[in-house]
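Working notes, structure below.
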Ligand SMILES: Cc1ncc(COP(=O)(O)O)c(C=O)c1O
């Protein structure tokens, strides 16, 4: 059935890769422009590198962009998820239902908040958590739902919010991929009690490392701000400002999760370009769809009506029975052409820690297991030139056509 060349155990030998090694296409490399570089330099020269006016400005701009009540900047989305669950004041070992098709940070944050993660399988087409599966996992200990808007595609928030209302559950949205995402005219991250965002280097806009929490509850916002800064009394970041030294008081045992001005300096300018970057990624998405239409691979589903996809990841599925090669051979072959690609994600129950700790098995979440074993993310950063995109296309075509 397979051509001789296919041997999943060996690295593919390419006489001439599509790109040269010194021109390796880095997956998810961000577009960085002069204005953020100048703003960072200005911060450095000002001597105020830490949490300060630029963080406040970034919070204000992000809050306005999302139409939220409160926005608190932190140093990662992982911290955002952790603090949201602490602010929700759940009891130790209360259960939070989330997706098995996510980055480990989502589940780890539940564990760090002393809560018990429970997985509900995904819909095989949208790859997002399936509301019917959520219903099946509800017990007397369930207190929260943590939907992940995977790849930038919104979860079925109507159904999720109905379940939350019916069972009196908090909702924490993992919007790490979904800054621009909208569902039925509303921006994600504003449906639930908390919306958590990432500005990690590969995300749609970046601050290097960084995160943001949205909430509509004033007390939650104040608690999160405090917890992100060691549990110090309010405005402790100003203690070294030009207003003179201010005493602070520790009012609870918090964390060191604050964003700093050096990071916000980048974010302020990235946010101004968010729509231009989205347009570019949409163009690349459409170009890929057109170029791959005839190949024996599964392309991402079309965005659902009345939604806005954030086009964070362009994920294809490599099904060995249709394509003639398996996913890992595809990864090796594309990388041999010096095109960087990613996997988002192996399903959570594939990892030994969770198997050991919770007794989870991949087979119990069959949709997440299959997709996790077949999925590949192609480069879709706004930084890509047309030539980069064409190189990625030629590589995928060559790898699939030479082995199918
Ligand atoms: C779905 C998801 N959730 C959470 C995170 C954690 O984000 P951060 O790296 O900002 O902590 C990531 C990061 O890649 C992610 O992809």
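When 400, 74 are arranged by Cβ crowding within 10 Å, least crowded first, meaning fewest neighbours, the order is 400, 74. Using the Cα gyration tensor of the chain, with a ≥ b ≥ c the square roots of its eigenvalues, what is the shape: rounded (a/c below 1.5), prolate (a/b larger than b/c) or oblate (neither)? Oblate, since a/c reaches 1.5 and b/c is not below a/b. Considering only 243, 135, 182, the mean-square fluctuation computed in a Gaussian network model of the chain, springs between alpha carbons under 10 angstrom, is largest for 243.
Looking at the chain alone, DSSP beta bridges between its own residues are antiparallel in about 60 percent of cases. Look at the alpha carbon pairs under 8 Å that are at least 6 residues apart: their mean separation over the length of the chain gives a relative contact order of 24 percent. The gain in end-to-end length when the residue 326 to residue 56 segment is fully stretched comes to 92.4 nm, 0.36 nm per residue minus the alpha carbon separation. Each of residue 302 and residue 91 was given a label point 7 Å from its Cα along the Cα-to-Cβ line. The distance between the two points is 4.9 nm. Distance from the C-alpha centroid of the range 211-268 to that of the range 32-86: 11 Å, rounded to the whole angstrom. Only helices enter this figure: runs of n ≥ 4 DSSP H residues, each worth -39500 (n - 2.57), summed and divided by the residues of the chain, yield -11000 deg cm²/dmol at 222 nm to the nearest 500. By definition, a body whose alpha carbon gyration tensor gives a ≥ b ≥ c is prolate when a/c is 1.5 or more and a/b is larger than b/c, and the range 51-101 fits this prolate description. Shown for 153, 143, 239: other C-beta atoms within 10 Å of each C-beta, ranked fewest to most, produce the order 239, 143, 153.
Label point of residue 23 set 7 angstrom out along Cα-Cβ; within the range 322-358, amide nitrogens under 20 Å from it belong to 333-341. Exposure proxy for 299, 81, 119, 150: other Cβ atoms within 10 Å of each Cβ, ordered fewest to most, give 299, 119, 150, 81.
Read-outs throughout are calculated quantities, based only on the coordinates presented, and are distinct from any laboratory measurement. Nothing here was measured: the structure is a model prediction, and the numbers come from that model. Because the Cβ atoms are built from the backbone with ideal geometry, glycine has one as well, and the counts that use them run over all protein chains shown.
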